[in-house]
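Read the structure below first, then the notes.
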Amino acid sequence: MSWQLRHALITGLSGQDGALLAAQLLARGIAVSGTHRPGRALDDWRLRELGIARHRHLRSVALDPTAADACAAIVRDLQPDALFHLAGQSRVAESFREPQASIAANGGSTLNLLEALRRHAPRCRFVLASSAEIFGAPAQAPQDESTPLAARSPYGVSKLLAHSAVGAWRASYGLHASSAILFNHESALRDPAFVTRKISLAVAAIARGSAHEVVLGNLDARRDFGHAPDCVAAMAAMVERAQGDDYVLATGHAASIREFADAAFAAIGVALQWHGAGADEVGIDRASGAVRVRVDADLLRPFDAPLLVGNAAKARRELGFVSSRDLAGLARTMVEADLARLAPDRAPCA
């Protein structure tokens, strides 16, 4: 019997990537089961914004992916055609505070799910949301699938364990398992704890008159900021390939946090002028002279890779991956969404 994608299981349904992927799959007529943490109600604000919270082919199930027995049970019971593992600890800064929890949430969970597939659903196709943090501080730029892996943060180590496990289970057991090496991928559905959404939300609040500045950490870190819907479309395409493989998903263009802030403020007609350096640097509104960006030394990480930028030539060639937003367009999209959310007649959301 030939493989067909009729039913997908997505871990982390309520996150940015999980919600976007669910919406794309449902639009194709594919049934989706999505997981959320046990003991908590599903945080469905993203699903509501996407208009799929009550979709008849979407259901949510509780799963702790760090529990091997629970992973085995859900795979055995649901028998999905594809499993997209998008849940986990997703913040680099948090991984420095709780490294063991990050290893369990990202590395251990991946091992549990791969073993569950091997034992109970070997025809199911698997995609991992990996991360550019597995490269550490690479000498090579841009990074691609052949770049040596040398994670430097606990988060990077946790993702490297998961990424390596995908390759090992693919080679050793013949699983159709792929790894999406994701560089920064943003959207209006980003969690406010992420720096891009922190900036867009603050800019919108400043425009609405409810805030006057945003406080950030390292402004010099350069990242490859892509559009999240493009990346989840590529992940969906991975399961359609004849074999599993690893793919870098990136735009090929790097920008600093400072440049992202410039683009976000430009979306409300504010031009920033930068003064100072390090923890003393500030971004000032050229027109009014008001300080709009400050740096807090407590937000600086013990290690922050100075430059992560990816070469997605393989994904473009094999998956049809595209980058649909430049930095200005991405920042503008996020700011406009937060401006709409902060409108006086709009119900509050994350």
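The values are calculated or read from the model by the stated rules, or taken from the named source; none is laboratory data. Owing to the predicted nature of the structure, the values given are computational and were not obtained by experimental measurement. We place every Cβ from the backbone using ideal geometry, glycine too, and count neighbours over all the protein chains shown.
Odds and ends about this structure:
- The sole residue among ALA73, ALA82, ALA87 that is farther than 30 Å from THR196 by Cα, buried (at least 19 other Cβ atoms within 10 Å of the Cβ) and assigned by TED's automatic domain parsing to the domain that holds SER164 is ALA82.
- All positions within region 285-321 that are farther than 15 Å from ILE181 by Cβ, surrounded by fewer than 17 Cβ atoms within 10 Å (Cβ to Cβ) and modelled with pLDDT of 95 or more: ARG286, ALA287, SER288, GLY289, ALA290, VAL291, ARG294, ARG317, GLY320
- Criterion (out of contact with any His (no Cβ under 9 Å at 6 or more places or on another chain), modelled with pLDDT under 90 and not β-branched (Val, Ile, Thr)) met by exactly one of PRO148, PRO154, PRO192: PRO154
- Matching residues, region 52-78, being touching a residue at least 24 places away in the same chain (Cβ under 8 Å) and in a loop (DSSP other than H, G, I, E, B): ILE52, HIS55, HIS57, LEU63, ASP64, PRO65, THR66, ALA67
- Residues located in region 1-21, provided they are modelled with pLDDT of 95 or more and aliphatic (A, V, I, L, M): LEU5, ALA8, LEU9, ILE10, LEU13, ALA19, LEU20, LEU21
- Some residue of region 102-110 being in contact (Cβ under 8 Å) with a residue 60 or more places away in the chain and either surrounded by fewer than 18 Cβ atoms within 10 Å (Cβ to Cβ) or in a helix (DSSP H, G or I) (or both): yes
- Residue within region 22-41 that is assigned to a loop (DSSP other than H, G, I, E, B), at pLDDT 95 or above, touching a Ser or Thr at 6+ places or on another chain (Cβ under 7 Å) and not polar (S, T, N, Q) present: no
- Taken over region 139-182, the criterion of being buried (at least 18 other Cβ atoms within 10 Å of the Cβ), under 19 Å from GLY108 (Cα atoms) and without any contact (Cβ under 8 Å) to a residue 24 or more places away in the chain is satisfied by ALA151 alone.
- Looking across region 200-218, the residues that are hydrophobic (A, V, I, L, M, F, W, C), surrounded by fewer than 19 Cβ atoms within 10 Å (Cβ to Cβ), in contact (Cβ under 8 Å) with a residue 40 or more places away in the chain and closer than 27 Å to ALA277 by Cβ come down to ALA205, VAL215.
- Members of region 171-202 found to be more than 19 Å from TYR247 (Cβ to Cβ) and among the polar types (S, T, N, Q), listed by number: SER172, SER187, THR196, SER200
- Residues in region 43-60 that are in contact with a helix residue (DSSP H, G or I) (Cβ under 7 Å, 6 or more places away or on another chain) and surrounded by fewer than 17 Cβ atoms within 10 Å (Cβ to Cβ): ALA53, HIS55, HIS57.
- Answer from PRO99, PRO138, PRO122 - the residue that is of a type outside the set (Val, Ile, Thr), more than 20 Å from the chain's Cα centre (by Cα) and either under 25 Å from LEU300 (Cβ atoms) or not assigned by TED's automatic domain parsing to the domain that holds SER179 (or both): PRO138
- Strands (runs of 3 or more DSSP E) lying entirely in region 209-287 (those with 1 or more residues that are closer than 30 Å to PHE84 by Cβ): 246-249
- Close contacts from region 226-238, counting a first residue that is within 17 Å of ARG317 (Cβ to Cβ) and a second that is among the basic types (Lys, Arg), with Cβ to Cβ under 7 Å and a gap of 6+ residues or different chains, come to none at all.
- Between ALA277, ALA263, ALA233, ALA287, the distinction of being in the same structural domain as SER146 (by TED's automatic domain parsing) and either more than 20 Å from the chain's Cα centre (by Cα) or closer than 23 Å to HIS163 by Cα (or both) belongs to ALA233 only.
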